[in-house]
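Before I ask anything, here is the structure I am working with.
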Amino acid sequence: MSFLTRRQFRATGAALVGLGLVVASASVASAHVHVTPQSTAAGGYSVLTFRVPTEKPDASTTRVVVDLPTDTPFTYAAVRPLPGWDAKVEEGKLPKSVDVEGATITKAPLHVTFTADKDSAVQPGQFQEFEIQVGPLPAEGTDLVLPAHQTYSDGTVVDWDEPSTGAEEPENPAPEFVVTAAEPEGGATPSAEPTSGATVSASPTAAAPTATAAAASSDAAPSSAASSNDEPDSLARWLGGLGLLAGVAALVVAVVTSRRGRSQA
């Protein structure tokens, strides 16, 4: 193996090792509990999907608890039924009253608990998704942190409750997302009665008489042309008829004259 080939081999090996480390770290990071919101628009309702993988090789996930925010509380929370799991929304008193859309809130949904039946626990190497519908979402720019607590069949509890504070991910990151701007009223659906509708609908109506008049003019023009064309045609026919009569008369005169000449002879 030449020196150049060895250098290429070492460089390739180093690149593969580095790629393996990146993929491994990405796999570890993606294995943590995280949330995917259906919508992030302020003031709206959203279905939050929590994906919970079982990371322990010798135990199953038997329980998942999600903490809902208390500083920007939701006034509504509901769960999607999941076969083999019991789901419960727990309401309670807030640490302090909060104003939500002009109303003072002292109680709100605080926790959502999912508990597996005996045969429905999430086995090692598997994951499960839990859905919660909540709303309304708080103001734009709010960072919603939703800590999750994962209980294993061996009694171990893993708390996913560390908010992200920089580019580096914490050891046990909490599921979270940022609220975006509210959707415009009516969304992208056009108004059923636009303001300019009268003008738009009037334009074809106003144009209709013009088109009709134009059509009438175009219809009248051929008639005039036909009349003017008929006159020369009739005159020609009359002249042709007169010429024919004149020819017949001349023939008769010639015949008579010829007969008279023979009789005289």
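If you take the residues in the stretch 37-80 that are aromatic (Phe, Trp, Tyr) and more than 17 Å from residue 175 (Cα to Cα), which one is surrounded by the most Cβ atoms within 10 Å (Cβ to Cβ)?
Filtering first and then ranking leaves 45.
Among (1) closer than 30 Å to residue 183 by Cβ; (2) in a strand (DSSP E or B); (3) at pLDDT 95 or above, where does residue 73 come up short?
Here residue 73 clears every test but (2).
Which of the following residues is over 30 Å from the mean Cα position of the chain (by Cα), more than 16 Å from residue 135 (Cβ to Cβ) and free of Cβ contacts under 8 Å to residues at least 12 places away in the same chain: 115, 104, 62?
From the options 115, 104, 62, the qualifying one is 104.
Just need a number here: residues in the stretch 140-176 that are modelled with pLDDT of 95 or more, in a loop (DSSP other than H, G, I, E, B) and either loosely packed, with under 15 Cβ neighbours inside 10 Å or of a type in the set (Gly, Ala, Ser) (or both).
Looking only at that region, the number is 7.
Something else about it: Within the stretch 145-161, which residues are under 21 Å from residue 132 (Cα atoms) and of a type outside the set (Val, Ile, Thr)?
Result: 146, 147, 148, 149, 150, 159, 160, 161.
The values are calculated or read from the model by the stated rules, or taken from the named source; none is laboratory data. Predicted, not measured: the structure shown is a model, and the values here were computed from it. Note that we place each Cβ from the backbone using ideal geometry, even for glycine, and neighbour counts take in every protein chain shown.
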